[in-house]
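Readers should treat all values here as calculations from the given coordinates under stated rules, not as data from a laboratory. Note that the structure is a prediction, hence the values are computed from the model and not measured. Cβ placement follows ideal geometry from the backbone for every residue including glycine, while neighbour counts extend to all protein chains displayed.
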There are 2 protein chains.
Amino acid sequence: MIHGLSAFPLTPMNESSIDLHAFAGLVERLAAAGVGSMGVLGSTGSYAYLEKAERMRVLREALAHSGDVPVIVGIGALRTRDVLALARDAEDAGAAGLLLAPVSYQPLKEHEVYTLFESVCTAVGTPICVYDNPGTTHFRFSDELHGRIAALPNIASIKIPRLSDDPAEAAARVTALRAHLPAHVTLGISGDAAAVRGLAAGCDGWYSVTGGLFPGVVQQITRAAGTGDMATAQAVSARLAPLWALYDRFGGIRVMACAAALMGLCAEDCLPRPLLGLRGEERAHVAQVLRGLELL
Amino acid sequence: MIHGLSAFPLTPMNESSIDLHAFAGLVERLAAAGVGSMGVLGSTGSYAYLEKAERMRVLREALAHSGDVPVIVGIGALRTRDVLALARDAEDAGAAGLLLAPVSYQPLKEHEVYTLFESVCTAVGTPICVYDNPGTTHFRFSDELHGRIAALPNIASIKIPRLSDDPAEAAARVTALRAHLPAHVTLGISGDAAAVRGLAAGCDGWYSVTGGLFPGVVQQITRAAGTGDMATAQAVSARLAPLWALYDRFGGIRVMACAAALMGLCAEDCLPRPLLGLRGEERAHVAQVLRGLELL
C-alpha cells in the first residue's frame, strides 16, 4: 500500500462550501508528479470537519482527477456507524485504500479500538491503513494492539507517528513494531520533519503532508532513500529545516494552506473554522521561508 | 447559571437510533429531584457522537420533560459552522443555557478558540457556559484566555476541570481564575471525584455526571456545602470513594451507562460505538459497588 511517497493534499474550503475546483487542481498536480499514491481526506485534508456527503463528493472528485495514481481516503469518524458508512461508500466509489484513525472524544480503551477495526475489516474488502496519530486522536496504540489489528483481514499498512530523534532508537522502534506484524503489512512514516529518519529506520514509505503540495522535493528524498542513498535523502531533508520549523510553530495544515494560497492554488483562508489561516507577519514569514527554499 | 447541582444525564442510544423514551425518563427523574439545572448533551450525553438533527430531537425531548428545571445544552462541534447552527437552534427551542467546549481535531491556537466563542456570543443572546475539559477537547485554557472570553457578551459561567488534591492549591487556583473574570461569571466544578474540593474552594456549583443519575446523593453534598457545612459535604463525598474509583477505572460515561441499565432505566449497551458497555465481571463489579453504596 505504501512505497515511496504517499501525498496528502489539502481540501480547500470556506464556511459555505468546498472548493472542488481548487481541490481537483491539487490532485492533478500530484498525478502529474507521479506520486506513489495520494491520501485524500487525511488530517491535512480536513476529513474530521466534513459531513459524510461532503466527503463522498471530495473522494469522487479525487478519483476523477487522479489518473493512474491510487487514491487512499480517510474514513475516520467519532462514531463506528459513520466509519462503516464511509468505508462502504469509499469502496463502492473505487478507492484503492482506506485510512482509519481511532478518532476519539471520550478516551477509548484498547478493546474498543480493536472492535472498531474488526467491524470495518469485516464490512469491506478494500485494503486498510491503520492511522496511528496520537496528536489528533489522543489514542496511543500498544505494539500488541497493532499486532492484533494487523492480523485482521484487509489490514495493509500502518501510518506511524514521528520516531525518536536518535537513529538507533528509531530503528529499534521499527524493528520492535515489525516483530508484531505479518510480513505483508507495510509501515509508512509520518511527521514530515523527521520522516527521513523513518525511511532510514526501515519504513516502506512516507505518508507526507509536504508531498501533498511539494511532491518534487519529497520525491527527491524518497527516491534517494529507495536506492539506499541515505546521505542524499538526509541532506535534502536537512535543507528543509526552515520548513519543518514552520510546522512546529504553526501546525502543518496552516502552513500548507498558506503556501497553497501563496502559490495561487486556492483562496486565502481555505481552512474550516475554528482553524484560522495565517495572516500579516506570519503569512509574510511563511512566504519568505518558502522563497528561500525555492518552493515558491 | 450554576448554583448547587447542574445534573448531566446520559443520552441512551444504539447504533440505529436514540432511545428518547429512556432519555425522557432520565430527565423526568432530575425534574422530580428538583436539581438546580440540567445539562443535556454534555460529554456524558454523547453530544459529540450525534448529528445536528439528532441533537435537536434530544433537546426538544428534554425541554418537554424538564418541568421548571432550566435546561443547558451542549453545542460543541468540531466546526464553527455547526456550533453556530446548534446555538441558533437551541436558542429558538428555548434552552436556558448553551455549553460550549472547544472541541478539536487539529490542535487549536488561543486566538482560534477566542474567535470561536466570539462568533457564538455575537450570534445568540442565550447565556453561554465555557466548557473547559482538556480530557476530551485536548485544549488547555490559560487564565488570560478565560478572562478575554468571559468579557464577551452572554458568557455566564465556566465549567472547570478537576482541581488539585491539595485544598490550599485548589482554593488558590479558583482565586487566581476569578481575578480574571467579571463578577457575574460563575464557576462550576466538574470531575465528580474531587468536586467537593471545588465547592470548598469557592465554586458556585457542581456540573455533575453522578448527579445525572443519582441526584439525591449529589444534592446532599451541594446542599451541605451551600450552608457552609463542608464537613458533611466532604463526608458524603468520601463515602462515595468506591464510585469515584469506578470512574477512574472505566470512565464515568461507561459507569453511568452500566448503572442506568442495572436500574432498568435504559437498555444494556446504550453508548455509541466505538464505546462499549461494561459486561461480565466488570458489570458485576459495578453492581456490587452500587449496592454497597445503596445506590441500587
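Computed quantities for the displayed model
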quantity: Shortest-first nm distances, B:Arg88 label point to equivalent points in other copies (7 Å, Cα→Cβ); calculated: 3.3
quantity: Label-point separation, B:Asp248 to A:Ala231 (7 Å along Cα→Cβ), nm; calculated: 5.6 nm
quantity: Percentage relative contact order, chain B, counting C-alpha pairs under 8 Å, at least six apart; calculated: 20 percent
quantity: Footprinting exposure proxy for A:Ser104, A:Ser190 (fewest neighbouring C-beta atoms within 10 Å first); calculated: A:Ser104, A:Ser190
quantity: Spatially proximal aspartates and glutamates relative to B:Lys52 (Cα-Cα < 19 Å; intrachain offsets below 8 disregarded); calculated: A:Glu15, A:Glu51, A:Glu54, A:Asp82, B:Glu15, B:Asp19, B:Glu61, B:Asp82, B:Asp89, B:Glu91, B:Asp92
quantity: Tail beyond 25 Å, pair distance distribution of the range A:145-273 (Cα, percent); calculated: 32 percent
quantity: Residues whose placed amide H lies under 5 Å from that of B:Leu98, excluding near-sequence neighbours; calculated: B:Val73, B:Ile128, B:Cys129
quantity: Sorted by Cβ neighbour density within 10 Å, fewest at the top, the residues A:Tyr49, B:Tyr47; calculated: A:Tyr49, B:Tyr47
quantity: Among B:Glu118, B:Glu281, B:Glu54: highest mean-square fluctuation, GNM of chain B, C-alpha pairs under 10 Å; calculated: B:Glu281
quantity: D (Stokes-Einstein, µm²/s), Kirkwood Cα radius, the protein assembly as shown, 0.890 mPa s at 25 °C; calculated: 98 µm²/s
quantity: Sequence-distant residues sharing a close amide H with A:Leu296 (under 5 Å, placed H); calculated: A:Arg291
quantity: Relative counts (whole %) of C-alpha pair distances in the range B:77-165, using bins that are 10 Å wide; calculated: 17, 54, 26, 3, 0
quantity: A from B by rotation - nearest chain B beta carbon to the axis, in Å; calculated: B:His138, 3
quantity: Label distances, nm, B:Ala53 versus same residue in remaining copies, Cβ-directed 7 Å point; calculated: 0.9
quantity: Pseudo-label separations to other copies for A:Gly34 - Cα-to-Cβ vector, 7 Å, nm; calculated: 7.9
quantity: Sorted by Cβ neighbour density within 10 Å, fewest at the top, the residues A:Thr122, B:Thr11; calculated: A:Thr122, B:Thr11
quantity: Rh (Kirkwood; distinct C-alpha pairs) - the range B:1-64, Å; calculated: 11.9 Å
quantity: Debye, to nearest 20: dipole size of chain A, +1 on Lys, Arg Cβ, -1 on Asp, Glu Cβ; calculated: 100 debye
quantity: Volume in Å³ per residue [convex hull over Cα atoms, computed for chain A]; calculated: 120 Å³
